[in-house]
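Note sheet for the following structure.
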Amino acid sequence: MPDGSFLFACERRRPILLRAQRLKTGKPVQEVDKKTEFRSFILLCVFLAPALSIAIVGGYGFIVWMSQILLGPPG
């Protein structure tokens with residue numbers, strides 16, 4: 001698909017999905033407002049990403065530490 005026609009196709013598909021969801025529930029679909037989007041961004045960037053990176057690095061350090069306790073130091 002040349003020159004962004006994929007994006008155009010995705011933009012055209014969105015109203016179809018919203019209409020299908022509206023038909024299932026019988027209620028109009030709520031669009032995400034700027035306030036909710038900003039809160040989600042803050043949650044991800046300020047809280048979730050740092051906590052996840054600390055957990056990953058800490059978990060790796062714990063695995064290395066326990067392996068050195070059980071198997072001895074490297075070398």
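Structure above, values below:
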item	result
Residue match in region 23-31 (condition: of a type outside the set (A, V, I, L, M, F, W, C) and modelled with pLDDT of 80 or more)	no
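For (1) at pLDDT below 65; (2) touching a Phe, Trp or Tyr at 6+ places or on another chain (Cβ under 8 Å); (3) surrounded by 10 or more Cβ atoms within 10 Å (Cβ to Cβ), each residue gets a yes or a no:
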site: R12; (1), (2), (3): yes, no, no
site: L17; (1), (2), (3): yes, no, yes
site: A20; (1), (2), (3): yes, no, yes
site: K34; (1), (2), (3): no, no, no
site: V46; (1), (2), (3): no, no, yes
site: L52; (1), (2), (3): no, no, yes
site: Y60; (1), (2), (3): no, no, yes
site: I69; (1), (2), (3): no, no, no
site: G75; (1), (2), (3): no, no, no
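The values are calculated or read from the model by the stated rules, or taken from the named source; none is laboratory data. For clarity, every value in this text was computed on a predicted model and none was experimentally measured. Glycine also receives a Cβ, built like all others from the backbone with ideal geometry; neighbour counts cover every protein chain displayed.
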